[in-house]
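First comes the structure, then the notes that go with it.
The values are calculated or read from the model by the stated rules, or taken from the named source; none is laboratory data. Note that this is a predicted model, so its numbers are computed, not measured. Cβ: placed from backbone, ideal geometry, glycine included. Neighbour counts: every protein chain shown. With ligands, DNA and RNA removed, areas are computed over all heavy atoms of the protein, side chains included. Shrake-Rupley method; radii C 1.70, N 1.55, O 1.52, S 1.80 Å.
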Amino acid sequence: MDDNTQDSTQAMRVPGQNYATDSTQAIPVPERKQNLAPLLVPLVIGGLVAVGLGLYGRVHTPTGYAIGPAGFSGALAMKAWFTTGAFVLALVQIFSALVMWGRIKLDVPWIGTLHRWSGRVAFLLTLPVAFHCLYALGTQFDVPRVMIHSLLGCFFYGVFTAKMLALPKRGLPGWTLPVLGGLTFTALTGLWLTSSFWFFTTIGIKL
């Protein structure tokens, strides 16, 4: 390519556009755009779940009781241990996700199964806790610890819903699942700190 041809090729390039070049021509390479539209529905539904739980907790008249926790001394102990179990399994989720994403180099063929089942069991452990909190106690804002716990509980189920709805979708930005998963884990950590940790450090470690 002579100098005049090269100058004319440079002049035809669009500023800001990426090009794959060879010795004869400049071919524009389209930039990959992130499509956020498929994420809208999961986020809206997750938000509705969070708000709905909060509203139910406020309008529902607390009964003071909900379930008989077999094997535990009381409802508080049951909730403390179930939330602790869910938190430990959430740590397993974080570890297995890091292995699956290649952040931790381990050759574990069954890591995907571990990730799925630890998440399922962790979620199931939260259900009796959430049922007792909403039905027996309701959403309370009088005590700062309880207020934070109530808000985190609503947020946890909202972001968990959004994560599960986004999971089967294709074309989402690569950060979608790590961010939603991280928010879910953060909410659960806050729930553990404002319930189980408080119970164990205030009342004691007992069943």
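Numbers below:
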{"quantity": "Among the candidates Leu125, Leu91, Leu76, residue that is open to solvent by 40 Å² or more (accessible area, probe 1.4 Å), aliphatic (A, V, I, L, M), farther than 22 Å from Leu55 by Cβ and free of Cβ contacts under 8 Å to residues at least 12 places away in the same chain", "calculated": "Leu91"}
{"quantity": "So Ala122, is it part of a helix (DSSP H, G or I), at pLDDT below 90 and in contact with a helix residue (DSSP H, G or I) (Cβ under 9 Å, 6 or more places away or on another chain)", "calculated": "no"}
{"quantity": "Residue count, the range 137-147 (criterion: closer than 15 Å to Phe199 by Cβ and either in contact with a Gly (Cβ under 9 Å, 6 or more places away or on another chain) or modelled with pLDDT of 85 or more (or both))", "calculated": "3"}
{"quantity": "Test for Arg120: is it open to solvent by 40 Å² or more (accessible area, probe 1.4 Å) and more than 16 Å from the chain's Cα centre (by Cα)", "calculated": "no"}
{"quantity": "Scan of the range 148-167 for residues that are of a type in the set (Val, Ile, Thr) and open to solvent by less than 70 Å² (accessible area, probe 1.4 Å), ordered by number", "calculated": "Val159, Thr161"}
{"quantity": "Subset of the range 96-115 that is more than 18 Å from Val179 (Cβ to Cβ) and among the hydrophobic types (A, V, I, L, M, F, W, C) - its residue that is most open to solvent (accessible area, probe 1.4 Å)", "calculated": "Trp110"}
{"quantity": "Restricting the range 102-119 to residues that are not in a helix (DSSP H, G or I) and not β-branched (Val, Ile, Thr), the residue that is nearest to Trp81 (Cα to Cα)", "calculated": "Trp110"}
{"quantity": "Inter-residue pairs, beta-carbon under 6 Å, first farther than 24 Å from Gly85 by Cβ and open to solvent by 50 Å² or more (accessible area, probe 1.4 Å) and in the range 168-194, second at pLDDT below 85 and not in a helix (DSSP H, G or I), 6+ apart", "calculated": "Gly171/Asn35"}
{"quantity": "Every pair of residues 6+ apart whose Cβ atoms lie under 6 Å, when the first sits in the range 97-108 and is at pLDDT below 85 while the second is of a type outside the set (D, E, K, R) and not in a loop (DSSP other than H, G, I, E, B)", "calculated": "Ile104/Leu98; Leu106/Val99"}
